[in-house]
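Visitor: I am attaching a structure below and will ask some questions about it afterwards.
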Amino acid sequence: MNTKIVLGLVLALLMLIAGAAAQTLTITSITTASGDPGASVDVTVTVRNAGASNISSVILTSTALEYGINSITAPVIETITNLNAGTEQSRTFSLSLPSLPSGAYSGTITATDSSNANETASRAYSVAINPVSNFEIVQTKARITGQSDDSESTALTIRNTGSTTLTSFSLSYAGDFEDDDGDMVLVSFSSLASLTPGATAEVTVLADIERNVDIDTYTGTITASSNSITRTLPLEVEVEPKICKYGRQGYLSVAIDRPDSGDDFTPGETIDLKISIDNDYSKKLNVGAEAILYDATDSKVIARASFESEYIDDGDSETMDTSISIPSKGIDEDNEFYLYVKAFKATDEEDHCAYDRIEVEIEREDEMVVIDEFTITQTEFSCTDTVTATVTVENTGLEDQENVYIQLYSNALGIEINSKKFSVNAYDENGNRHTESFVFNAGNAEEGDYKLIAFVYYGNNEEDRKEMIVHVNPCDTDAMKLMGEARLLLSMEDEKLVLPYTATKFVLPLIVENKGGKAAAFKVDVTEISGWAEVTAIEAPSLLGPGEQYHVYVYMQLKDNVASGVHDFRINLRNDAGLIYSKLASVEVGEAPAEDEISGDAVVDVGSVSKWLFSDKQRLFWIAGDLVLVILALVFLKLLLKR
């Protein structure tokens, strides 16, 4: 039995010796390498063909290099080609050394004949990572925004880029974090005990903003140290206006989708806003939103606008739209302006409130006329209703504007009414605003919603516009019949006239319009004037055709010794059937100055006289009439003298 065991061992040894003698491939050498974490090292492996036959290709592979529980990823090594008998070839490959504990990392390289998988050779090798202490702060700046009497934070990511464990981290800050009144922004950091090679950790930077800290941006530097290694980065704490009453709270988030940061606007312009709100709370919330235009240089709110509140399901988001108007005056173009939007729980801002902001540029243009107000007497009407739209425009530009006109337009309603052309002075002068009113009806429009647009045209084909939606109710048979009849309307250009104490006559300007479908006879009279004035003439037609409009003038004379103050009277529009319309108006007669105010040498300002003469149509009419009478009297006197 022992003899058989001995013979078996001898046979196995002979076979091993025979196999070794027959081995063709051998790895003759592998170089060693070492480096710091983050570096790349080169390793060279040499393979020999000890056989009698050529080998077309030799595949080289490596295991991962290991040191304890840590490992370096296996490298990729180029294949050897045409390794002839009795020759050797080398291949060099690179290894990137990661941030792992320092030490010698071992692996094995294997060479394999690609045509004979049984023909292989293997050899161990190692690469050393040097002991190095190092770390980095991933962020390039720490920035915190918040409000006074609030605490806000940001996170810094610290990564150990060395090969030794870092301990005893310390973080500190320095800079200007105090306002002129001694109110401060206090900064603190969360702790970090240690950090192994290649690991990362977050450190919280907390800014505690004291009550009444001035709105400003406070800057400084954060310093982080460990194992005699120091890193710094900028710190910026911006104290914003109190957008959310209790600071950012709860689970809402909001983003401004429109306009974009840095967009340009001009005073008097309207900014169209679109925002997105996310509800990350576990329940549905009734969410409100507000836009705030803020002058950061002067620390003041210059405009506000609200959004309609909406219910937003938990985990859902909604978009909202509104517009905010930039004031036309009181804007310093050199200041910094921010547009804030806050979203909040409609019933309790303390529970949920968030805000977003963008910077906008506000610069006054040379030419800019905007529609400041666009109102209408009723937004819902039928075919028999007469509606008045009023449009007020304002010149917010640096230059006076001439040949400006306003248009009321609705293609669907068949409305296209242009005002007369007018002028408006530059933004910083009196007379930079102008108002026009437009009277219209729905005609035979079908029931539904319609867009009504007000345009103002100025400069070189420039324009501004505002829109509103109006609703037309159905027009029944009786209303359609009424549309075919005459419908007379009366309006006043001025509902209150102001006369100087020297005036004895005045003209009352009226407008009579037939909005019906047939001609109408009418007359105008003035009543309730017996105690202080009398009508001397009325300039008016007796008949108006369908759609026609006429400017009627009532010439009136004040009675002697009329008292100064306000005098009321009634304007009446009548037809054959009786009174159609009656409206109360008034005239204010100025009070004569005291004697000491009119004594002394009189100085006549020709420019003022010219302005007084031509600025009032009724004054000019009576002066011209008086001149004609004087001329006629002189002619008759001359004829009598010739006889």
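The values are calculated or read from the model by the stated rules, or taken from the named source; none is laboratory data. Computed from a prediction, not measured in an experiment: that's the story for all the values here. Using ideal geometry, Cβ is built from the backbone for each residue, glycine included, and neighbour counts are taken over all protein chains shown. Areas reflect the complete protein model, heavy atoms only, side chains present, ligands, DNA and RNA absent. Shrake-Rupley method; radii C 1.70, N 1.55, O 1.52, S 1.80 Å.
Visitor: How about region 252-275: which of its residues are surrounded by fewer than 16 Cβ atoms within 10 Å (Cβ to Cβ) and hydroxyl-bearing (S, T, Y)?
Guide: Matches in region 252-275: S261 only.
Visitor: For L233, which of the numbered conditions (1) outside any strand (DSSP E or B); (2) more than 20 Å from the chain's Cα centre (by Cα) fails to hold?
Guide: Failed condition: (1).
Visitor: How many residues are farther than 30 Å from R364 by Cα and either out of contact with any Asp or Glu (no Cβ under 6 Å at 6 or more places or on another chain) or among the acidic types (D, E) (or both) when one looks only at region 242-266?
Guide: Selection size over region 242-266: 4.
Visitor: Test V554 against the criterion of being part of a strand (DSSP E or B), among the β-branched types (V, I, T) and closer than 13 Å to F506 by Cα, and give yes or no. Give the derivation first.
Guide: Working: part of a strand (DSSP E or B): yes; among the β-branched types (V, I, T): yes; closer than 13 Å to F506 by Cα: yes.
Against the criterion (part of a strand (DSSP E or B), among the β-branched types (V, I, T) and closer than 13 Å to F506 by Cα), V554 qualifies.
Visitor: Of all residues in region 60-78, count the ones that are surrounded by fewer than 18 Cβ atoms within 10 Å (Cβ to Cβ) and more than 57 Å from the chain's Cα centre (by Cα).
Guide: Matching residues across region 60-78 total 4.
Visitor: Considering only region 392-432, give the strands (runs of 3 or more DSSP E) lying wholly within it that have at least 3 residues that are of a type in the set (A, V, I, L, M, F, W, C) and either without any contact (Cβ under 8 Å) to a residue 40 or more places away in the chain or touching a Ser or Thr at 6+ places or on another chain (Cβ under 9 Å) (or both).
Guide: Numbers: elements: 401-410, 415-418, 422-424.
Result: 401-410.
Visitor: Here's something else I'd like to know. Got at least one residue in region 326-347 being on the phi < 0 side of the Ramachandran plot, open to solvent by 50 Å² or more (accessible area, probe 1.4 Å) and among the hydroxyl-bearing types (S, T, Y)?
Guide: Taking every residue of region 326-347 in turn, at least one turns out to be on the phi < 0 side of the Ramachandran plot, open to solvent by 50 Å² or more (accessible area, probe 1.4 Å) and among the hydroxyl-bearing types (S, T, Y).
Visitor: Would you mention how many residues in region 279-290 are open to solvent by 60 Å² or more (accessible area, probe 1.4 Å) and touching a Gly at 6+ places or on another chain (Cβ under 9 Å)? Explain how you work it out, then say what you get.
Guide: The initial filter retains those residues of region 279-290 that are open to solvent by 60 Å² or more (accessible area, probe 1.4 Å), namely 280-284.
Filter once more, so that each one left must be touching a Gly at 6+ places or on another chain (Cβ under 9 Å): 280-282.
So the answer is 3.
Visitor: On to the next question. Condition test on T392, is it open to solvent by 30 Å² or more (accessible area, probe 1.4 Å), polar (S, T, N, Q) and closer than 30 Å to A442 by Cα?
Guide: no
Visitor: Scan region 292-301 residue by residue and report those that are farther than 16 Å from K342 by Cβ and in a strand (DSSP E or B).
Guide: D295, K300
Visitor: Exactly one of these conditions fails for V404: (1) open to solvent by 10 Å² or more (accessible area, probe 1.4 Å); (2) more than 20 Å from the chain's Cα centre (by Cα). Give me its number.
Guide: (1)
Visitor: Need pairs with beta-carbon distance below 6 Å; first residue under 24 Å from V369 (Cβ atoms) and within region 326-340, second in a loop (DSSP other than H, G, I, E, B) and open to solvent by 20 Å² or more (accessible area, probe 1.4 Å); sequence gap 6+ or separate chains.
Guide: I326/E269; E333/E363; N335/T297
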